[in-house]
């Protein structure tokens, strides 16, 4: 067997065979690349949990009558504040939009103990480093008469649930 | 090669595609979309509609940590309308969970309110099933490996086909209600309460232990039977014990179907510990044995002396005595026939046997049941009235009526109940044994019984002539050898060695040396060789037996052996009468001369 | 280069050539089209440089190797990848492990498939590694100079079994719990140190939380590391021991007329590796010796890719069709009846049912010692490179006896054992 240093080896006289080889090569490559792509995407889908182990994002907080008008009830475990004004209800997040600390109630609204962000009663930023107002979560009256909050769905601040 | 490679990669791509595709379009997503669509139609306000429009299918879950380990119930992912009263007439899975006063639900301002809110209780606490699953097959527990399929709704494929339909019905869920509602008078758990009554009324407690309720030791401990076994197994184990475990000695109780159902529900509710108990309560039950629980379940019968016999009869018939014993045409097939009890035993014996069966028969397997003394007396009085029918005249008829149950159709001792008797009934086909005993002794055994064994004294029912007739029948039918002249044996009338501690010590040394192989070091008949010997070596600690035979008979058995058994003639192996005297003294020394024998103390 | 700014044109060229240059910087070579580039591709690529530039035709014969070693390796790779992914959801806790299995089956996307792949991959690896061991034995490939590599191979086989054994506990179901209870008890029968090993494995007196954590650490950290190292040694030794074994007549006889007379004592043509080989060898003219080698690119690499594709598709298809079993949650009071180990341990379990020491330690121990000692006891050089060579009749017969006995035990254990380990007929 002699060392072959020519750029293309013996088969090039048979052009059909080469083109068939090339096509098969492409097919193989495409198959492998496609599978690899799908696996990569699948793995990301796999790693992203569809159900988390904490409390569910959608939960019931009780009956409307549990929150008399003027209530500003902070449900720390749920991470929300239920606000009721007359017949209007809202669920405002108490997670600071700056770096995720839990804000506390203050005279004027909410105040964050970590970096001094301040929010008004509707969650709008009034001071400190917070970049955005506190989000409002979807709040609905469930068919069984209880108030349901869905932390997966943010709504426009100021849109209340009217009883 | 390259072609195959291309095909291979293509295959991988296809499989990847299938796998990828499978991750989308779950049934639960379709369910949720159906629900959203229909709810939108039912929605009254625009805000409601908008809220529904914003919702997308996702896994719903209720995380409950109030009941034992943390439960994650994802049932509402499919059963999404569970708490939406507008869907009460829809089809599953998008259907409202029914409201019912039985569940404690109540109406307020014309609207139903739930007593057990799903957000607080979850689903599997009542229903069982697999809360984490998202696939009907797995979540409903159809998978044979899931220990708790949806109670009363779902049966598994490997369950017995004839049981499966009986195991459906939501009343089985009472077993889970009873985890919190432990009050025996709670109306919602009627089936469990009924089952508990049957557990006591049918004397299940005599053999089985349930922590805080009973302490039987013959059968398996049922304290957490509900956690270990599924309905199918419980049903089978109650209705036909041998179908599940061939070696089971549990009798068939022939309970009515609704009683079996109640018993199954009750057993299913025994899960070791329930949610309502606290550690303190459990500890108290441990200290008191749970006596008050038992009293609350089954009320003792008040015995009224003039009706004593009648009440006794009712007790005997109602409380499952015939699950083991035979009485008239009821026959449990495990224990002796009671039809002649009045002619065989005296009331003292029967009463003592009731109080503690081992106090009259060392190796009886009958449990000591928890009746009151008055109840025992009434049952004794009833049994004393049972005299059976007049004994027939012919030997064959006598044998079939009286002897067959233990000694068997072929006279070989393998009668229908023989395996539950200890000592085992005598094999009457062994000519060696039958012909080495004098007729007088055999008649004596028949008419006066053999103490400490299940052979009762038939004397009141069988005359000497009848005894001879039945022995003659046995001789010709089973033994099949004519009686021979008995050889004269040189046997001392009384023990030549006086009872003394030295003699006992010598006897014990001899016993360990010569006898322990079969009779065991303790003399209890359970030596290492006993497994292969039939009939079994005599239990020499059976005081009723040992105390009823005289020294002469012990000498005869030891010196000349017992023909037809494994007992050899020790005279051939060099034992002198003095040696045997020491042995007899040793055997006597391990059997105290009290009336009741070794268990006598137990009933005092 | 001068510090002057490069002309605009060359910057454009740099831009247009960017893909080519990036490719070149990574792969150094264009797709090879001549022998020099073929060689260069093999030894300049990190993943390919473990391969020789040229490979003997005999090593490429599917009927000789059956590709078993390579399949084992690819299964190991698949197991590593799926195993790491599964670790994202697994918690080695007695209260959570089983629930996490249910979650993998229920709520995690691709969870079932990955678990199936991991399970069937593990079963496949045990089977293929064992078949690879048989192949090497039947072709006499453990003989000099490959003795040590055989020993490494036997260790790899044992590690594979141990890997599989430790993985068995992790789902924390009935099967797992009782298989491990029995398995650690068998370890307890080893002489002198048995009880200590059992205690170390279980981290307590019974299988519980400690055992689960220990088996987890062994399964995901200790054993994979040891296995990877042993595999690296195994592969490296293949190269250093002169490639795969082959029959003596696999190379053409070379005329030695050209060789100088003083070197005529070295008769066999040797394959050359690098400069050292060139210096030591009898024939300095590389490439001019008539031999039966071909270039690794593309022959070997295509074959390897093909093997990988076949292995992966087999595992994928199996995983699509069959779900990995998950039995009832652990009930420490009630063993399932019969409590069976995984199939590859059923032979062991069957033997253990006769005698715990001899079945669990004695016979397997002797078998392993015999395996390890084989190349040092069988010093004959005949019969290498041929399946079932007549020169190796005795060795092959002994080995087949062991293998068949084990297979029979496995079959008895799988199909003929019912409740209480009583003999039953499956029909």
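The values are calculated or read from the model by the stated rules, or taken from the named source; none is laboratory data. Quick caveat: nothing in here was measured; it's all calculated off a predicted structure. Glycine gets a Cβ as well: all are built from the backbone with ideal geometry, and neighbour counts include every protein chain shown.
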Practice problem: May I ask you to list the residues in the stretch B:518-532 that are surrounded by 15 or more Cβ atoms within 10 Å (Cβ to Cβ) and more than 21 Å from residue B:361 (Cα to Cα)? | Solution: B:518
Quiz prompt | Residue check, residue B:162 under 17 Å from residue B:269 (Cα atoms) and part of a loop (DSSP other than H, G, I, E, B) | solution = no
Quiz prompt | Given (1) more than 10 Å from chain A (Cβ to nearest Cβ); (2) within 30 Å of residue B:121 (Cβ to Cβ); (3) not in a helix (DSSP H, G or I), index of the condition residue B:59 fails | solution = (1)
Quiz item: What residue, of B:452, B:517, is assigned to a loop (DSSP other than H, G, I, E, B) and out of contact with any strand residue (DSSP E or B) (no Cβ under 8 Å at 6 or more places or on another chain)?
Solution: B:452
Quiz prompt | Filtered residues of the stretch B:105-117 (kept if closer than 11 Å to residue B:83 by Cα and out of contact with any helix residue (DSSP H, G or I) (no Cβ under 9 Å at 6 or more places or on another chain)) | solution = B:113, B:117
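Please verify whether residue B:7 is at the interface with another protein chain (Cβ under 7 Å from one of its Cβ atoms) and either modelled with pLDDT of 90 or more or surrounded by 14 or more Cβ atoms within 10 Å (Cβ to Cβ) (or both), treating the condition exactly as stated. Please lay out each step first, then the result.
On the way: at the interface with another protein chain (Cβ under 7 Å from one of its Cβ atoms): no; either modelled with pLDDT of 90 or more or surrounded by 14 or more Cβ atoms within 10 Å (Cβ to Cβ) (or both): yes.
No; evaluated as a whole, the condition is false for this residue.
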Practice problem: Looking for whichever is modelled with pLDDT of 90 or more, closer than 18 Å to residue A:57 by Cα and away from chain B (no Cβ under 14 Å) here; the options are A:80, A:139, A:147. Which one fits? | Solution: A:80
Quiz prompt | Exclusive hit being within 30 Å of residue B:9 (Cβ to Cβ), under 21 Å from the mean Cα position of the chain (by Cα) and either crowded, with 16+ Cβ neighbours inside 10 Å or at pLDDT 85 or above (or both), set C:310, C:368 | solution = C:310
Quiz item: Does at least one position in the stretch A:60-68 carry a residue that is modelled with pLDDT of 75 or more, in contact with a strand residue (DSSP E or B) (Cβ under 6 Å, 6 or more places away or on another chain), facing another protein chain (nearest Cβ under 9 Å) and surrounded by 12 or more Cβ atoms within 10 Å (Cβ to Cβ)?
Solution: yes
Quiz prompt | Single residue of B:137, B:120 found to be out of contact with any helix residue (DSSP H, G or I) (no Cβ under 8 Å at 6 or more places or on another chain), part of a helix (DSSP H, G or I) and within 13 Å of chain A (Cβ to nearest Cβ) | solution = B:120
Self-check item: Extreme residue, modelled with the highest pLDDT, among residues of the stretch B:19-31 that are part of a helix (DSSP H, G or I) and surrounded by fewer than 13 Cβ atoms within 10 Å (Cβ to Cβ)
Solution: B:30
Quiz item: Hey, residue B:194 hits all of (1) modelled with pLDDT under 90; (2) assigned to a helix (DSSP H, G or I) but one; which does it fall short on?
Solution: (1)
Exercise. Looking only at the stretch A:41-59, count how many residues are part of a helix (DSSP H, G or I) and either at the interface with chain B (Cβ under 9 Å from one of its Cβ atoms) or touching a helix residue (DSSP H, G or I) at 6+ places or on another chain (Cβ under 8 Å) (or both).
Key: 6
Quiz item: What helices (runs of 4 or more DSSP H) completely inside the stretch C:15-109 contain at least 2 residues that are crowded, with 19+ Cβ neighbours inside 10 Å and within 14 Å of chain B (Cβ to nearest Cβ)?
Solution: C:68-87, C:97-106
Quiz item: Out of (1) in contact with a strand residue (DSSP E or B) (Cβ under 7 Å, 6 or more places away or on another chain); (2) closer than 24 Å to residue B:151 by Cβ; (3) crowded, with 18+ Cβ neighbours inside 10 Å, what's the single condition that is false for residue B:230?
Solution: (1)
Self-check item: Yes/no for residue B:39 being surrounded by 15 or more Cβ atoms within 10 Å (Cβ to Cβ), part of a helix (DSSP H, G or I), at the interface with chain A (Cβ under 9 Å from one of its Cβ atoms) and in contact with a strand residue (DSSP E or B) (Cβ under 7 Å, 6 or more places away or on another chain)
Solution: no
Quiz item: Looking at the stretch B:78-114, which of its residues are assigned to a loop (DSSP other than H, G, I, E, B), exposed (fewer than 13 other Cβ atoms within 10 Å of the Cβ) and within 13 Å of another protein chain (Cβ to nearest Cβ)?
Solution: B:109, B:110
Exercise. Could you tell me whether any residue of the stretch A:27-40 is outside any strand (DSSP E or B), in contact with a strand residue (DSSP E or B) (Cβ under 8 Å, 6 or more places away or on another chain) and either within 14 Å of chain B (Cβ to nearest Cβ) or modelled with pLDDT under 90 (or both)?
Key: no
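Conditions (1) out of contact with any strand residue (DSSP E or B) (no Cβ under 6 Å at 6 or more places or on another chain); (2) assigned to a helix (DSSP H, G or I); (3) under 24 Å from residue C:323 (Cβ atoms), marked per residue:
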| residue | (1), (2), (3) |
| --- | --- |
| C:123 | yes, yes, yes |
| C:131 | yes, yes, no |
| C:136 | yes, yes, no |
| C:140 | yes, no, no |
| C:149 | yes, yes, no |
| C:156 | yes, yes, no |
| C:160 | yes, yes, yes |
| C:163 | yes, yes, yes |
Exercise. Go through the stretch B:463-485 and give me each residue that's crowded, with 21+ Cβ neighbours inside 10 Å and part of a loop (DSSP other than H, G, I, E, B).
Key: none
Exercise. Answer yes or no as to whether residue B:15 is more than 7 Å from chain A (Cβ to nearest Cβ), over 47 Å from the mean Cα position of the chain (by Cα), buried (at least 19 other Cβ atoms within 10 Å of the Cβ) and not in a loop (DSSP other than H, G, I, E, B).
Key: yes
Quiz item: at pLDDT below 80 and either assigned to a loop (DSSP other than H, G, I, E, B) or within 14 Å of chain B (Cβ to nearest Cβ) (or both), is that true of residue C:318?
Solution: no
Practice problem: Might you let me know whether the stretch A:117-125 holds any residue that is within 14 Å of chain B (Cβ to nearest Cβ), surrounded by fewer than 20 Cβ atoms within 10 Å (Cβ to Cβ) and touching a residue at least 12 places away in the same chain (Cβ under 8 Å)? | Solution: no
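Kindly indicate whether residue B:214 is under 20 Å from residue C:331 (Cα atoms) and under 17 Å from the mean Cα position of the chain (by Cα).
Working: under 20 Å from residue C:331 (Cα atoms): no; under 17 Å from the mean Cα position of the chain (by Cα): yes.
Criteria not met by residue B:214.
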Quiz item: Looking only at the stretch B:62-77, which residues are at the interface with another protein chain (Cβ under 9 Å from one of its Cβ atoms) and assigned to a helix (DSSP H, G or I)?
Solution: B:77
Quiz prompt | Output for the stretch B:218-239, where each listed residue is free of Cβ contacts under 8 Å to residues at least 24 places away in the same chain and more than 22 Å from residue B:154 (Cα to Cα) | solution = B:220, B:221
Quiz item: surrounded by 15 or more Cβ atoms within 10 Å (Cβ to Cβ), at pLDDT below 90 and under 30 Å from residue A:25 (Cα atoms), is that true of residue B:55?
Solution: no
